[in-house]
Amino acid sequence: MYRDGLYVLGPRSDEGQADPRLYAVDRMEDADADRKGTFDVPTDFDPDAFFGTGLGLWQTSDPPVEVKLAFAPNAAIYARERRWPGHISWEKQGDREVLTLKRAITPEGVSWASAWGADLGVLGPASLRRQVAAHLQAALGQYT
């Protein structure tokens, strides 16, 4: 389960591909049960390497960068209850709590940060701050 969606890791549908693939169950239009075949996860399979350094399911080979996110008090309560991949630290800065992570910047991460609205400020890196600002500005354009 991830963000209200069920995902299954399984063999690729294209022949000759040994690497597993992530499938969103709710996007499947048709499936056949193969009651004789099985899928064994390769012994050298590394979930961290498979998902890369992004935040969530978005696969990337981009290098991780230090990300600093400042949460408003009401959001910090919720955010502190979670385990974050790439977690480095939490620290208090004024009335906000700053989460420092080491993750790659992906479209999924930009969307996730934007979803917090006014309850989250991106302190760095500047590139993520610009992307989140542009995402929120585009959303605001739908209403003005």
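Looking at 45, 51, 71, just one residue is closer than 29 Å to residue 11 by Cα, of a type outside the set (D, E, K, R) and over 16 Å from the mean Cα position of the chain (by Cα), and that residue is 45.
Considering only the range 103-144, state which residues are under 23 Å from residue 78 (Cα atoms) and of a type in the set (Lys, Arg). Residues satisfying the conditions are 103, 129.
What about residue 54, is it under 30 Å from residue 130 (Cβ atoms), modelled with pLDDT under 85, of a type in the set (Gly, Ala, Ser) and in contact with a Pro (Cβ under 9 Å, 6 or more places away or on another chain)? In short, yes.
The residue that is farthest from the chain's Cα centre (by Cα), among those in the range 85-144 that are surrounded by 14 or more Cβ atoms within 10 Å (Cβ to Cβ) and of a type in the set (Asp, Glu), is 97. The set of residues from the range 119-144 being in contact (Cβ under 8 Å) with a residue 24 or more places away in the chain and either touching a helix residue (DSSP H, G or I) at 6+ places or on another chain (Cβ under 9 Å) or of a type in the set (D, E, K, R) (or both) comprises 119, 120, 121, 122, 123, 128, 131, 135, 139. Name the residues in the range 28-44 that are open to solvent by less than 100 Å² (accessible area, probe 1.4 Å) and either over 22 Å from residue 108 (Cβ atoms) or touching a residue at least 40 places away in the same chain (Cβ under 8 Å) (or both), would you? 31, 33, 37, 39, 41, 42 - these are the residues of the range 28-44 that are open to solvent by less than 100 Å² (accessible area, probe 1.4 Å) and either over 22 Å from residue 108 (Cβ atoms) or touching a residue at least 40 places away in the same chain (Cβ under 8 Å) (or both).
Of the conditions (1) free of Cβ contacts under 8 Å to residues at least 24 places away in the same chain; (2) open to solvent by 90 Å² or more (accessible area, probe 1.4 Å); (3) assigned to a loop (DSSP other than H, G, I, E, B), residue 63 satisfies every one except a single condition; which number is it? Failing condition for residue 63: (1). Taking the numbered list (1) in a strand (DSSP E or B); (2) loosely packed, with under 14 Cβ neighbours inside 10 Å; (3) out of contact with any Lys or Arg (no Cβ under 8 Å at 6 or more places or on another chain); (4) among the charged types (D, E, K, R) in turn, residue 68 passes all entries but (2). With respect to the stated conditions, residue 50 is open to solvent by less than 40 Å² (accessible area, probe 1.4 Å) and touching a residue at least 12 places away in the same chain (Cβ under 8 Å). Looking at the range 86-99, is at least one residue closer than 21 Å to residue 124 by Cβ, free of Cβ contacts under 8 Å to residues at least 60 places away in the same chain and hydroxyl-bearing (Ser, Thr, Tyr)? Within the range 86-99, one or more residues are closer than 21 Å to residue 124 by Cβ, free of Cβ contacts under 8 Å to residues at least 60 places away in the same chain and hydroxyl-bearing (Ser, Thr, Tyr).
The values are calculated or read from the model by the stated rules, or taken from the named source; none is laboratory data. Everything quoted here is computed from the prediction, not taken from an experiment. Backbone-built Cβ (ideal geometry, glycine too); neighbour counts: all protein chains shown. Note: accessible area is taken over every heavy atom of the protein model, side chains too, but ligands, DNA and RNA are not part of it. Shrake-Rupley method; radii C 1.70, N 1.55, O 1.52, S 1.80 Å.
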